[in-house]
Structure formats: C-alpha cells, structure tokens
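Remarks on the structure that follows.
Each value in this text was obtained by applying a stated rule to the coordinates, not by laboratory testing. All values derive from a computational prediction rather than experimental measurement. Note that we place each Cβ from the backbone using ideal geometry, even for glycine, and neighbour counts take in every protein chain shown.
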Amino acid sequence: MNLLDGMDAQELQPETLSKKGFAEHLGITPGRVSQLIAQGLPVEPNGRVNVDKATGWYRRNVDPNRRQASAGDRLPVSSRGEYDRIRAERARLALDRESGALVDRAAVERAVFDRARGERDSWIGWSSRAAATLAGELGIEPGDAFAVLDRLVRDQLAALASRPLSEF
C-alpha cells in the first residue's frame, strides 16, 4: 500500500525554487531561464520562481518541440528536483507518522497474527467445553462428542485459513 496514493507530484514539490533550481526542474540551463524571464516567465518579487505558475507559463508559451519533455509532456526531473521531491515525501511521511495517520506495519502484522491465534485457540477450547454439554443433552459418550466437535472445528478453521483475504 502506497501511503502517497492520491497525492500528485505537485503536492510534493516545493512551492518556489531559485532560478537555478527551476532550470534543473525543467532540465534546461539557468541562462535559458533568464531568457524566459525576459520573455515573461512569472517571477516572485523576491526573485524566486513559483513552480506551478512558471511551469504553466512554460507549457503555454514554449513550443513543445523545443521543450526537453518526456512522453506525456511530463517535465524531466533533475537530480536536485528528485532530491527535493524525496525530501518533501519524507517530511510528509514524518508528519503523518507523528499525527498518527501512519502505523508501524510490523506492529499491525503482529497484532493481527496474535488476534487470529487467540481466536483459533478459543475455538479449539470451545469444542472441549461444549462436548460435555452436548454429550449430556444427547446421552452419548463425552469422548465421542469431543472427537466429532474437535474434527468439525479444526476442519472449519482449516477452511478459513485457506481462503484468500480478498474473499472476506
């Protein structure tokens, strides 16, 4: 299970980048970013480039044949851009872990296993407790009643264990 399902790449990007960072994000040179700024690429008052606005402008105003985009008009990711994406993803995961939105997978698996084992043991114990009551009500030998109940309970547990989780 991917905990970032539903999040797109834009949510993991920093909001603004330096001109050099934006150049790496697009896979072009910083000089080309300066040329694009002169042609109208939007820049924040502090000189940083808003990634969403500038990327949109770039897609609308630069000939697709001149872009260095990969299939699907997806902008290439530089090593710095990939580093920033991973750093943002790790920060998001840490925040989710701190807020309780994420749980430790090993702890969950242990809890589920322990619960299943407890239920199995409870059913096996039930067959021995119920055998005496059943034998008394039916007038049969307790050992015979236990043998039948124990076999039926174990068969049912084996059938449940063999079913894929998707069937539940």
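In this structure, the amide hydrogen of Thr16, modeled 1.01 Å from its nitrogen in the peptide plane, lies closer than 5 angstrom to those of Val51, counting only residues at least 5 positions away or on a different chain. Per-residue Cβ neighbour counts within 10 Å put Asp84, Asp104 in the sequence Asp104, Asp84, beginning with the fewest.
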